[in-house]
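Here is the structure we will look at, set down as structure tokens.
Every number here is computed from the coordinates shown, using simple stated rules; none is lab data. Remember, predicted model here, so these are calculated numbers, not experimental data. Cβ: placed from backbone, ideal geometry, glycine included. Neighbour counts: every protein chain shown.
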């Protein structure tokens, strides 16, 4: 879970530090708890004129079945009732970003099988690194 302070920092980055010279890439965007502050900050950024689809949110948007089973068939994300007994939480991400979805490109799938458009990246936020070495190698392969 991301703290309010962390979310304020992400919003600040997108509002005050992001110049628009590259894209914002977020790996492991979950239910948009941290993508939303990026999008909100971007919406208030006065330096960047072209804001549409500047945030790339990568996630598989699923909870592994063994974790769902271990929780009695429920996905634990902010106690949102409609997520219970479902494997995918993409609908929750979309609902949470509804008012700012125009700023976000949703990249649904396994990060190890997805590719990058080879545009410059200005901000890269990695929130999926379960095994640091393998994720660092993979990120270099995709984004370098």
Length released on extending from residue 2 to residue 142, taking residue separation times 0.36 nm less the Cα-Cα span: 47.8 nm
Per residue, the convex hull volume that the Cα atoms of the stretch 1-40 enclose (Å³): 60
Value of relative contact order over the stretch 1-64, rounded to a whole percent, pairs C-alpha under 8 Å and six or more apart: 42
Cα-projected label distance for residue 90 with residue 53, points at 7 Å along beta-carbon direction, nm: 1.7
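Length gain on complete extension for the stretch residue 115 to residue 98, per 0.36 nm per residue less the alpha carbon to alpha carbon distance?
Going from the current span to full extension adds 3.6 nm.
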